[in-house]
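*Asks:* One structure, pasted below without further comment.
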Amino acid sequence: MEPFNVMIVDDEKDLRETLVKRLEKRNLHATGVESAEKAILLMRRKEFDVVILDIKLPGGMDGIEALREMKKFQPVTEVILLTGHSSIEAGIDGMKLGAFDYILKPVKLEDLFPKILLAGEKKRKMMGKP
């Protein structure tokens, strides 16, 4: 089976790079970007199975706005939101907009990895792929 393509969108460089490395070690294709704008530009050129998207991002677009935009041109790509305790409400709002799930920061790979696999499998089923 082809590995899932995963994009991590987070402005925290250490977290982003650590997640990319750890997902690659688990045989997933992982790409990291630091802003919603860069994520959307990349998604216009490449298809992703799962996006890990921080709700609080610098720049003009936060994670919820980015989710709305991503769903316009990759509607079946599954998005897992990263949220702090202060923005659980935003995570719930994201679920209403089509996010697969949300997870609280700080992120533990043991919690995130199974969600990535479930999200990737859901996307492939919707695309009619095994």
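*Asks:* Would you please name the residue that is surrounded by the fewest Cβ atoms within 10 Å (Cβ to Cβ), looking only at residues in the stretch 37-77 that are farther than 18 Å from GLU12 by Cβ and in contact (Cβ under 8 Å) with a residue 60 or more places away in the chain?
*Replies:* Ranking the candidates gives ASP49 first.
*Asks:* Identify the residue in the stretch 91-123 that is at pLDDT below 95, in contact with a Phe, Trp or Tyr (Cβ under 9 Å, 6 or more places away or on another chain) and surrounded by fewer than 18 Cβ atoms within 10 Å (Cβ to Cβ) and, among all such residues, is farthest from LYS46 (Cα to Cα).
*Replies:* Applying the filter and picking the extreme gives ILE92.
*Asks:* What number of residues in the stretch 13-36 are surrounded by 15 or more Cβ atoms within 10 Å (Cβ to Cβ), of a type outside the set (Gly, Ala, Ser) and farther than 17 Å from ILE116 by Cβ?
*Replies:* 1
*Asks:* So which of VAL51, VAL33 is over 21 Å from LYS125 (Cβ atoms), of a type in the set (A, V, I, L, M, F, W, C) and modelled with pLDDT of 95 or more?
*Replies:* From the options VAL51, VAL33, the qualifying one is VAL33.
*Asks:* Go through the stretch 13-66 and report how many residues are charged (D, E, K, R) and over 17 Å from VAL107 (Cβ atoms).
*Replies:* Residues flagged as charged (D, E, K, R) and over 17 Å from VAL107 (Cβ atoms) within the stretch 13-66 amount to 9.
*Asks:* Does the stretch 18-37 hold any residues that are among the charged types (D, E, K, R) and more than 26 Å from ILE88 (Cβ to Cβ), and which are they?
*Replies:* Matches in the stretch 18-37: LYS21, GLU24, LYS25, ARG26.
*Asks:* Being within 13 Å of the chain's Cα centre (by Cα) and over 14 Å from VAL9 (Cα atoms) is the filter here; which residues of the stretch 78-98 pass it?
*Replies:* GLY91, GLY94, MET95, GLY98
The values are calculated or read from the model by the stated rules, or taken from the named source; none is laboratory data. Only a predicted model underlies this, so the values are computations on that prediction, with no experimental measurement involved. Neighbour counts run over all protein chains shown; Cβ positions are idealised from the backbone, glycine included.
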